[in-house]
Structure formats: structure tokens, C-alpha cells
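My questions all concern the structure below.
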């Protein structure tokens, strides 16, 4: 959710990248759905499940939901949160707007693990069925969330909406419009809580080494301004008392089901090809392993004391783009090969491709990276699991080999 277009933001996009030696075509749209049908097949997680530290509701039996792959480890992570037993009951039915994306998938799996009934909402019924059809607590609803009627259909009969809708990277102007529709639908349907999952664009150029939630929101890009407008619509609705609101901000993420420039590094490494990067290769960055995000988002949504605020969820630590690429290739058993496109190259590519035309204004994220401070979140939730880069890279490569 930083410089790298996320899977939701690129869901309908495609681009062609050129340099003086090679013409690359990377199709970003279309194949997300094709890859969602294969089940996760991973070795048993190494994290031992805790059987009864929090006396979970009988609907959520620890260790029984092994179909989730990574979430055997996820169960142990979630049980580390404090006060889970006393707060889970505030959500009786949840709607996930944008459920077919990677964030929506892992939010849904976490809700299912907790035994919370939820509605998975997206545009394509077949993708939703493939992702959620076998989950005991899931209801699948295909709806157009860019339409007032579709948003109302999706919001009716739930008490909480977790909003993780993405648009093509060239269509960011839809973010404020779709948030207004979601807010109006939520208010009309009597929804009590609305959670927005977003990125770091609203912060603009960082004024501190670590960016906390108190950092000014001063976007320096058009996309950042549109994301800020989206947040402001939600925050204003909460302040008017229409419902309780909450914002979760994530950096770039990687892992199963994601399709971003980070994902293409994994694909290039597995194929023994050259990886592509945008901007300086030596600048610091951070990435969240996407299965880690689901439990955190659900935990925040389940706690009344977390509403009315924004929350950062940072990666496991800072890492340079070069080191990240090298770890991926080394774990894949390949010699690292990569190239980087700078501002001039991106402007040239933009002559031929609309998506590349969007990139130069976002290069500040590589030149002056936004590294999140999530001390507030960790202080409120207690222990929060963050998969190390070494483990996350290994698990992602294992998943990709099996899919």
C-alpha cells in the first residue's frame, strides 16, 4: 500500500515496462481470479497452538481450522491479544467490502476462525465462492459497490463493515465516491461500525524517521489527496454520530494472493528471470506479510475502545529494497538479478502506458520512505505477531510453488 500498487489497486490494470535491453509485459489484471481457486498447501506451521488461555467461545475451537494454511500459526498469534474474551461479542455480523482481495480474504478467515458470521462482498460471485464458499460462517454476496443500490444491498443486516475495496491504480478518483456510497448505505442500514483499511499515501513526505498516527496528513500526490478525502468522509461520518469509525493504515504487503510489484519479484526469482523495481534500490522500506494483517484488523474492529482513531500496523522492521530482493532470490535458490527504473525512465514509459504515467509522483515513497510507527497499536493490543522477512519469504515461495 505504499509505492508498490497493491493487488486491489491493480486488479483491473495492466502495464508494459521497457528498458534499453528488454521489453517486459506484466499482466496485472485478470489472473487474480484464476489463482484464487487453488487451496493453500503448506507444511504444518511451526507455532504451537495454545489450547485454552482465553476460554474461546465454543464456535471457535483452536486448532480445528487447518484448511487456512498459514492460520494454524495465525491462531496462536490472535490468542496473544489481551481481553479477547470480553470484546469479541460486539460484532454479531460483519460485511467485508472488497472481500476477494488479499486483505479481505484474511479478514474473512479470521472472522470465520472466531466464529463471527460475515458477508463476503465483491463484484464476482465465482471469485467469492472460491475464496469463501467452504467457510462455515461466510455468506457470499456479489454486489457492485460503486452503485448505491449495490452498497445498500451489501450493508443491510450487518452491524460492522470492514472496508477493503481497491480500484485500479489509474482509477483512484473512485475512492472518495465509493466511500460516500458506503457511508450513506451504512447510515441508512443502521450499521454501527465502519472500518477502513488503507495505506500510507495520506501522510505525504515524512517529517520524522518513524511516522506515527499523530503525523500530519499532508499528501503530496494526487493519489494521496484522494485517499485523504476518502478518510475524511469516513471520519466526518463518525464525528456526526452516524456510526463509529476506525482507520487502519498498512505499508506495502506481500504474501499469498497478492499481485503487486513485490509479487513480481517472487515470480521472477522462481523463474530465474530479472526482477524490476521502481526507484532507488538502496532506500529503506517495510512490508507486511498479508496473513498477519487479518487478525490485527479484526481485533481492532472487535474492540469498542479502538474506534474514533487511526491505527498503524507496521512491518517487522525496515529493510532495503536490495536486501528484500536478495532474500527472495537466495531463498528461491537463484542468483539475484534486478534492474531499477528511475524518474526519467518512468516518464518515458508513461508515453506508452497509462499506469506508468501514474508512477513518477509516487517515487517520493522510495526517495523519502514512510516507515510506520505502530507503538500505539502494540500498546493497546499487547503482543502482535509479525512474520519475519525470512519466514514470510519462504512461506510465500512455498505457496507460489504449489499454486
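The values are calculated or read from the model by the stated rules, or taken from the named source; none is laboratory data. Remember, it's a predicted structure, so these values are computed and weren't measured experimentally. Note: ideal-geometry Cβ built from the backbone for every residue, glycine included; neighbour counts use all protein chains shown.
Give the residue that is surrounded by the fewest Cβ atoms within 10 Å (Cβ to Cβ), with candidates limited to residues of the stretch 220-243 that are modelled with pLDDT of 95 or more and in a loop (DSSP other than H, G, I, E, B).
By that ranking, first place goes to 241.
Looking at the stretch 197-210, is at least one residue over 24 Å from residue 260 (Cα atoms) and surrounded by 23 or more Cβ atoms within 10 Å (Cβ to Cβ)?
no
Which of (1) out of contact with any strand residue (DSSP E or B) (no Cβ under 9 Å at 6 or more places or on another chain); (2) within 30 Å of residue 248 (Cα to Cα) is the odd one out, the single condition residue 320 does not satisfy?
(1)
May I ask you to list the residues in the stretch 93-116 that are within 20 Å of residue 150 (Cβ to Cβ) and assigned to a loop (DSSP other than H, G, I, E, B)?
Passing the criteria: 93, 98, 99, 100, 101.
Determine whether the stretch 271-282 contains at least one residue that is surrounded by fewer than 24 Cβ atoms within 10 Å (Cβ to Cβ), over 13 Å from the mean Cα position of the chain (by Cα), without any contact (Cβ under 8 Å) to a residue 12 or more places away in the chain and not in a strand (DSSP E or B).
So far as the stretch 271-282 goes, yes, one or more of its residues are surrounded by fewer than 24 Cβ atoms within 10 Å (Cβ to Cβ), over 13 Å from the mean Cα position of the chain (by Cα), without any contact (Cβ under 8 Å) to a residue 12 or more places away in the chain and not in a strand (DSSP E or B).
Taking the stretch 298-318 only, how many residues are part of a loop (DSSP other than H, G, I, E, B) and under 26 Å from residue 115 (Cβ atoms)? Full working, then the answer.
Residues of the stretch 298-318 part of a loop (DSSP other than H, G, I, E, B): 302-303, 307-309, 313-318.
If we keep only those that are under 26 Å from residue 115 (Cβ atoms) as well, we get 302-303, 307, 313.
Of the residues in the stretch 298-318, 4 are part of a loop (DSSP other than H, G, I, E, B) and under 26 Å from residue 115 (Cβ atoms).
For residue 119, work out the one condition from (1) in contact with a helix residue (DSSP H, G or I) (Cβ under 8 Å, 6 or more places away or on another chain); (2) closer than 25 Å to residue 259 by Cα; (3) not in a strand (DSSP E or B) it doesn't fulfil.
With (1) in contact with a helix residue (DSSP H, G or I) (Cβ under 8 Å, 6 or more places away or on another chain); (2) closer than 25 Å to residue 259 by Cα; (3) not in a strand (DSSP E or B) applied to residue 119, the lone miss is (3).
Here's something else I'd like to know. Since residue 150 meets every condition but one in (1) over 17 Å from residue 95 (Cβ atoms); (2) out of contact with any helix residue (DSSP H, G or I) (no Cβ under 7 Å at 6 or more places or on another chain), which condition does it not meet?
(1)
So residue 193 fits all but one of (1) under 20 Å from residue 100 (Cα atoms); (2) surrounded by fewer than 24 Cβ atoms within 10 Å (Cβ to Cβ); what number is the exception?
Residue 193 satisfies every listed condition except (1).
Sticking with this one: Consider the stretch 331-348. How many of its residues are modelled with pLDDT of 65 or more and either in contact with a strand residue (DSSP E or B) (Cβ under 9 Å, 6 or more places away or on another chain) or under 29 Å from residue 313 (Cβ atoms) (or both)?
Going through the stretch 331-348 one residue at a time, the tally reaches 10.
Okay, moving on. Spot the failing condition for residue 307; the list is (1) modelled with pLDDT of 95 or more; (2) in contact with a helix residue (DSSP H, G or I) (Cβ under 7 Å, 6 or more places away or on another chain); (3) closer than 30 Å to residue 233 by Cα; (4) surrounded by fewer than 20 Cβ atoms within 10 Å (Cβ to Cβ), and only one is missed.
(2)
Do we find a residue being surrounded by fewer than 23 Cβ atoms within 10 Å (Cβ to Cβ), at pLDDT 95 or above and assigned to a loop (DSSP other than H, G, I, E, B) anywhere in the stretch 244-251?
No.
Output the residue which, of all residues in the stretch 350-390 that are touching a helix residue (DSSP H, G or I) at 6+ places or on another chain (Cβ under 7 Å), closer than 19 Å to residue 201 by Cα and outside any helix (DSSP H, G or I), is modelled with the lowest pLDDT.
358
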